[in-house]
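Undergrad: I'd like to ask some things about the structure below.
The values are calculated or read from the model by the stated rules, or taken from the named source; none is laboratory data. Just so it is clear, the structure is predicted and the values come from calculations on it, not from any experiment. Heads up, the Cβs are rebuilt from the backbone with ideal geometry, glycines too, and the neighbour counts pull from every protein chain shown. For accessibility, only protein heavy atoms count, side chains too; no ligands or nucleic acids. Shrake-Rupley method; radii C 1.70, N 1.55, O 1.52, S 1.80 Å.
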Amino acid sequence: MTPWNLVVLGSGSAKPTAFRSPSAQALYVGRQVYLIDCGEGTQMQLCKAALAPERVVAVFITHLHADHTLGLFGLIASLSMSGRTAPLAIYAHRDLQPILDTMVAFFVVHLNFELQFHPLPDTPGATIYADRQLSVSTIPLHHRIPTMGFKFEEHPLPPNIYPEVIEKYALTRQEIATLKRGEDVLLENGDVLSTTEALYQRRNPRSFAYMSDTLYTAAAAEYVEGVDLLYHEATYMQALIQLAKDTGHSTAQQAATFAKLAHVKKLLLGHYSARYTDPTPLLQEAVAIFPNTTLARELDVHKI
Ligand SMILES: [Zn+2]
């Protein structure tokens, strides 16, 4: 089983601090790296995490605020300098495309690879990306500008056949293949062996959801129901809930309330306001509501 690892590259909010890089995370599955948000300095963080930027196959940008986007241009320029030839897919709001075109035309003399820009659809829930190991769909978020979260889902695994069923009916290779295709088998004695009797699911497909930046949005719960890991922004403590509402952000308590509502297995908090030099109190507020909560810390790796 190829491991799914999430690396926190940056966990700070827009106001810079000496301690936190702006938002970026990398989900890596085998050799493939999927980059989610790309704040300034992301390529440096990738190198610190021992993830070669050349491994990035696609970049998913939630919204066009500087602390989620500015690292993209440097990353593209460096990838071109390093001789990349594989295409790079970018999923973002359509307004990024002309900016990207201008920046690349000006700063990158010879782009050695194809930049495939995919504007995000306006309607959430759409599957925007799929390869042989996973698919990505969008989650509705509410912020000051158009914003979408992303859900990464492993493809459903092929079912297995109970070994005792194979033995009991002395199944041939052909009959096993038929069952695995999802078809019932007619046995020699005239009985029908159904897939329900013969097949079982080894484990549930893995899933990860990323929600930043956003107001508390209960309506998004159905899009992330039961995911293995949810990253949800937690910019403020509950005492500043009005400020959270005014700026389109969430409190740690709201992130935990959302995690509980969506029955996720584990919650990861991040995007802390620079006013909290130590984010521990944010964690304390959240665990009171959703115990399985962790703070995103730069370069931490979370297994999914
Ligand atoms: Zn923002």
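Undergrad: Which trypsin sites (Lys or Arg not before Pro) in segment 1-71 pass both tests, a DSSP loop state and at most 11 other beta-carbon atoms within 10 Å?
TA: Values: sites: Arg20, Arg31, Lys48, Arg55; in loops: Arg20, Arg31.
Sites meeting the loop and neighbour criteria: Arg31.
Undergrad: Taking the chain as the region of interest, what is the percent of Cα-Cα pairs per 20 angstrom bin, listed from the shortest bin to the one with the maximum distance?
TA: Bins of 20 Å from zero give 32, 48, 18, 2 percent of pairs.
Undergrad: Under a straight-distance cross-link criterion of Cα-Cα below 22 Å, which lysines are reachable from Lys266, leaving out those fewer than 8 residues away in the same chain?
TA: Here the lysines satisfying the reach criterion relative to Lys266 are Lys151, Lys303.
Undergrad: Continuing with the same structure: Roughly speaking, to the nearest percent, how much of the chain's 1.4 Å accessible area is carbon and sulfur?
TA: On the way: 7880 of 14220 Å².
Percent of accessible area from carbon and sulfur atoms in the chain: 55.
Undergrad: Which of the lysines could a cross-linker bridge to Lys15, judged by Cα under 26 Å and excluding same-chain residues fewer than eight apart?
TA: Output for Lys15: Lys48, Lys245.
Undergrad: Still on this structure, please answer the following. Give a quick list of GluC sites (Glu not before Pro) in segment 198-252 that DSSP marks as loop, anything other than H, G, I, E or B, with at most 15 other Cβ atoms within 10 Å. Could the numbers behind the result be given before it?
TA: Details: sites: Glu222, Glu225, Glu233; in loops: Glu225.
Passing both the DSSP loop test and the Cβ count: Glu225.
Undergrad: Any idea what angle helix 96-107 forms with the longest principal axis of the chain, computed on alpha-carbon atoms, 0 to 90 degrees, nearest 10?
TA: Roughly 70 degrees, rounded to the nearest 10.
Undergrad: If I stretch the segment between Val287 and Ser82 completely, what's the gain in nm (0.36 nm per residue apart, minus their alpha carbon distance), one decimal?
TA: Numbers: separation 205, 0.36 × 205 = 73.80 nm, distance 4.40 nm.
Taking Val287 through Ser82 to full extension adds about 69.4 nm, to one decimal.
Undergrad: HN-Hα J couplings of segment 224-239 from phi, Karplus 6.51/-1.76/1.60, θ = phi - 60°, integer Hz, Gly and Pro as x?
TA: Using θ = phi - 60°, the values come out as 10, 3, x, 5, 5, 9, 10, 9, 10, 4, 9, 6, 10, 7, 4, 4 Hz.
Undergrad: Relative to the Cα centre, what is the charge dipole magnitude of the chain, using +1 at the beta carbon of each Lys and Arg, -1 at the beta carbon of each Asp and Glu, and rounding to the nearest 20 debye?
TA: Details: 24 positive and 29 negative charges, 142 e Å.
Using Cβ point charges on Lys, Arg, Asp and Glu, the chain gives about 680 debye.
Undergrad: Decide, for segment 160-200, between rounded, prolate and oblate: order the square roots of the alpha carbon gyration tensor eigenvalues as a ≥ b ≥ c, take rounded if a/c falls under 1.5, and otherwise choose prolate if a/b is larger than b/c, else oblate. Walk me through the intermediate numbers first.
TA: Numbers: a/c = 1.37, a/b = 1.16, b/c = 1.18.
Rounded.
Undergrad: On to the next question. So, for the chain, what is the accessible surface per residue at a probe of 1.4 Å, expressed in square angstrom? Don't jump to the answer; show the numbers that get you there.
TA: Working: 14220 Å² over 304 residues.
Heavy-atom SASA per residue in the chain reads 47 Å².
Undergrad: Test of the criteria: in segment 122-178, which trypsin sites (Lys or Arg not before Pro) are in a DSSP loop and have at most 14 other Cβ atoms within 10 angstrom of their Cβ?
TA: Details: sites: Arg132, Arg144, Lys151, Lys168, Arg173; in loops: Arg132, Arg144.
Loop-located and lightly packed - Arg132, Arg144.
Undergrad: Could you give me the ³J(HN,Hα) list for segment 185-194, computed from phi with Karplus coefficients 6.51, -1.76, 1.60 and θ = phi - 60°, whole Hz, x at Gly and Pro?
TA: 3J(HN,Hα) across segment 185-194, in whole Hz: 10, 8, 7, 4, 7, x, 6, 9, 9, 8.
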